[in-house]
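The block underneath contains the structure these notes are about, expressed in structure tokens.
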Amino acid sequence: MLKTSACLCSASTALHKGVVEAVLQAPLLYFQQNPLGRILNRFSSDLMKADMELPDMLFMYLDSLFLVIS
């Protein structure tokens, strides 16, 4: 279970870094046309959804895998 948690934290960190890099590489026009609050809200809500759904998806995958194996 501890290894699974470490794996999920690693996946979440990689996703966060990818999103931050994508936002920071956006053209300046993107920041001029969109208010900062909207960008932060979208950023945080997308990461929250991923953090909440990623463990469930992993456990469903493992459950299905063990069901197929057995």
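The values are calculated or read from the model by the stated rules, or taken from the named source; none is laboratory data. All of these numbers come straight from a predicted model, not from anything done at the bench. Backbone-built Cβ (ideal geometry, glycine too); neighbour counts: all protein chains shown. Protein only, heavy atoms only, side chains kept; ligands, DNA and RNA dropped before computing areas. Shrake-Rupley method; radii C 1.70, N 1.55, O 1.52, S 1.80 Å.
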*Enumeration of residues in the range 10-33 that are in contact with a Leu (Cβ under 7 Å, 6 or more places away or on another chain) and of a type in the set (S, T, N, Q)*: S12
*Can you tell me how many residues in the range 1-26 are modelled with pLDDT of 80 or more, more than 15 Å from D51 (Cβ to Cβ) and either under 10 Å from the mean Cα position of the chain (by Cα) or not aliphatic (A, V, I, L, M) (or both)?*
2
*How about the range 42-63: which of its residues are modelled with pLDDT of 85 or more and open to solvent by 100 Å² or more (accessible area, probe 1.4 Å)?*
M60, Y61
